[in-house]
Amino acid sequence: MEVVRKIRSETLLIIVLCLAAFFVNNSALTTDAEEAKTIVTARDILAKGNWMAPTMNGESRLATPPLAAWVAALVDRAYPDNISVQRAVPALLATLWTLFFFGVARYMERRRGFAELATFVFLTCYNVIYVGRMVSRDIYCFAFMMGGIYFLMRLCFDERYYARPHRWRWAWLAGIMMGLAFLANGLVAFYSMLLPFAITTIALKRPDMEGKWRPLILSGVVALVTFGWWYVHLFANHPEAITEVLRAELAPWVSGKARPWYYYWRFFSEMGVWGILALAALAVPYWSKRVSTKRPYLMAVLWLACALLLLSLMPEKSMDELVVMTPPYAIAVACVIYYFIEKRKADGWAKVLFSFNGYFIALLILILPLFIHVRMTDWKIIDFGTAVCTNVLLVAVGVYIAVSTSRKEMLGVVRGIVALFIVAECLLLPSIGELVTNSHQRNIGVINSYPDLARMPIYHSSKEDVRMELVYQAKRPILPLDLTDRQAVLKALPCILITQEGLSDELDGSILESMDTLRIGIFDSNRLPRSSRHYRRELVNQLSVLKPVPKETN
């Protein structure tokens, strides 16, 4: 009974932390490109009823498995245009991801408090928090594949800890989870999560597979059935579209245009506040001789190395993909932290690392109140009462971490960092969202407040691709239009035209003479400020109303 109560109390604590990490102020951050794509696809599904062959802004979306769009469509049907409810679903999945990670960490190391510690590190990585607050297919595949990994571990290692292992039960659950992961984002989770973990497990944990091959095969069959039926439907009903999708997927591999293999060289910085310990954890020869959690440490490092290698081999790369490396990295960092918590005899280098990490974090936290006063309070981003309350709490957290560091209490440092994130998520997140938002942002969705404009179709030049953020804001399709075709332009009238340049630069003078034009204004739809390297010129557009020239009356 005592063990059961302990597990339940740990789980309850993790769920509470997940509420702060993923649910509180879930509408504070502005919509990003991936979230816009998912919601636009969901709107197309509801408008056209094309559940089995979704489109995005009227164009085929078969390259992306539809699970995330299906769920978003169901949510939008029940709660139209409610971003808070939409984001509650990924928040639930992020909580599921965290709980499965906690279970995997417990199977990698059974010592008391280790899995809880690794989960604290996991939940205080900003990339995990961000992906758990956005409506995208990524959180689906991460959560379900972590569930698949957890149930595969139960299948392979339960006999080491339980008298009656339920192999067939875990086989079914693992298959369903892996199938849902594929139905959410294709091979991504298999390639970047399951394959590195499988290599690591085979190399270091060496499961005894006697009597487990048939359940393992069953899990593969269940996974295949769970996602395969949709692909069978596509091949049967849309063979040409699927062929084009396959060509598009293979194009990056044969084009020769790829980012360099060392693109992810600063991968450790994605651990955020744990960056110093994350970098130090890569010193395998040093820690492998000192940490008492040697097996999970080596497994985590090998898992991390395999994931990094496989991601580096991909022709198309994005720093956002490094979130798949957070679980093994959190375990590796937890092993280093556990070394300090045990208060084993540390050499000079370890003492310097401990002190520098703790005091550096404490210093950054103690500087934050000054930043809040100068940047947020003076700019009216945060109200005075919230600022005072936040600053008091931040000073208390910073002092607590500094004192814990001076007393060589690593667990106190961890608790302080967890408290820091809770304060930020509950009190600072709305202000942070406003601080990193483009102050010149002007959403094209304002045109929907005018009845005449709300009913007009919107077009863009067929020579340029339209950003899905614009389609999301407009709440209707933005269709391509050949601006050099006089008849096509006149046929589209009356309409709203989105252009990156002035009308005289986009339309021939003879075409302009055949219509009345009204410039609505310039709209900057960038969610990030102009100083950001992610600021996109293609999100700054001019909107104009084009109408036929009224016929003269006698």
Residue-ordered couplings for the range 395-411, obtained by feeding phi - 60° into the Karplus form 6.51 cos²θ - 1.76 cosθ + 1.60 and rounding to whole Hz (Gly and Pro as x), are 4, 4, 5, x, 5, 4, 5, 5, 5, 4, 5, 5, 8, 6, 9, 5, 4
Given the chain, longest segment not containing exposed loop chymotrypsin sites (Phe, Trp or Tyr not before Pro) (DSSP; at most 16 other Cβ within 10 Å)
380-534
Heavy-atom accessible area of the chain with neighbours in place, 1.4 angstrom probe: carbon+sulfur share in percent works out to 62 percent
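With a probe of 1.4 Å, find how much accessible area the chain has per residue, and write the answer as a whole number in Å².
Value returned for the chain: 48 Å² of accessible area per residue.
Sort the range 291-399 into rounded, prolate or oblate with this rule: let a ≥ b ≥ c be the square roots of the eigenvalues of the Cα gyration tensor; rounded if a/c is under 1.5, and if a/c is not under 1.5, prolate when a/b is larger than b/c, oblate otherwise. Intermediate results must be reported in sequence, preceding the final value.
On the way: a/c = 3.31, a/b = 1.45, b/c = 2.29.
Oblate.
Filter the cross-link list LYS37/LYS212; LYS212/LYS317; LYS212/LYS294; LYS317/LYS408 down to pairs whose alpha-carbon distance in this structure exceeds 30 Å. Provide the component values of the computation, followed by the final result.
On the way: LYS37/LYS212 41 Å; LYS212/LYS317 37 Å; LYS212/LYS294 27 Å; LYS317/LYS408 40 Å.
Beyond 30 Å: LYS37/LYS212; LYS212/LYS317; LYS317/LYS408.
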Using the alpha-carbon atoms, what tilt in degrees (0 to 90, nearest 10) does helix 2-18 show relative to the longest principal axis of the chain?
30 degrees
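Kindly state, to the nearest 0.05, the FRET efficiency for LEU310 paired with LEU366, given R0 = 51 Å and r defined as their beta-carbon distance.
Values: r = 40 Å, r/R0 = 0.79.
It comes out at approximately 0.80.
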What angle, in degrees between 0 and 90 and rounded to the nearest 10, separates the Cα long axis of helix 294-313 from the longest principal axis of the Cα atoms of the chain?
20 degrees
Once phi for every residue in the range 169-179 is put through the Karplus expression 6.51 cos²θ - 1.76 cosθ + 1.60 (θ = phi - 60°), the whole-Hz ³J(HN,Hα) values, with Gly and Pro written as x, are 4, 5, 5, 4, 5, 4, x, 5, 4, 5, x
Go through ILE496, PRO480, ILE444 and say which Cα lies farthest out towards the positive end of the charge dipole of the chain; charges sit on Cβ, +1 for Lys and Arg, -1 for Asp and Glu.
ILE444
Restricting to DSSP loop positions (anything but H, G, I, E, B) with no more than 10 other Cβ atoms inside 10 Å of their own Cβ, which GluC sites (Glu not before Pro) remain in the range 511-552?
GLU513, GLU552
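Quick check on the chain: what are the equivalent-ellipsoid semi-axes from the Cα gyration tensor, as sqrt(5λ), descending, whole Å? Mind dumping the intermediate values first?
Working: eigenvalues 430, 193, 80 Å².
The three semi-axes for the chain are 46, 31, 20 Å.
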In sequence order, what are the phi-derived ³J(HN,Hα) couplings for the range 417-422 according to the Karplus relation 6.51 cos²θ - 1.76 cosθ + 1.60 with θ = phi - 60°, rounded to whole Hz, with x for glycine and proline?
5, 4, 4, 4, 5, 5
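The values are calculated or read from the model by the stated rules, or taken from the named source; none is laboratory data. Keep in mind that what you see is a predicted model, and the values were worked out from it rather than measured. All Cβ positions, even for glycine, are placed from backbone atoms using ideal geometry, and neighbour counts span all protein chains on display. With ligands, DNA and RNA removed, areas are computed over all heavy atoms of the protein, side chains included. Shrake-Rupley method; radii C 1.70, N 1.55, O 1.52, S 1.80 Å.
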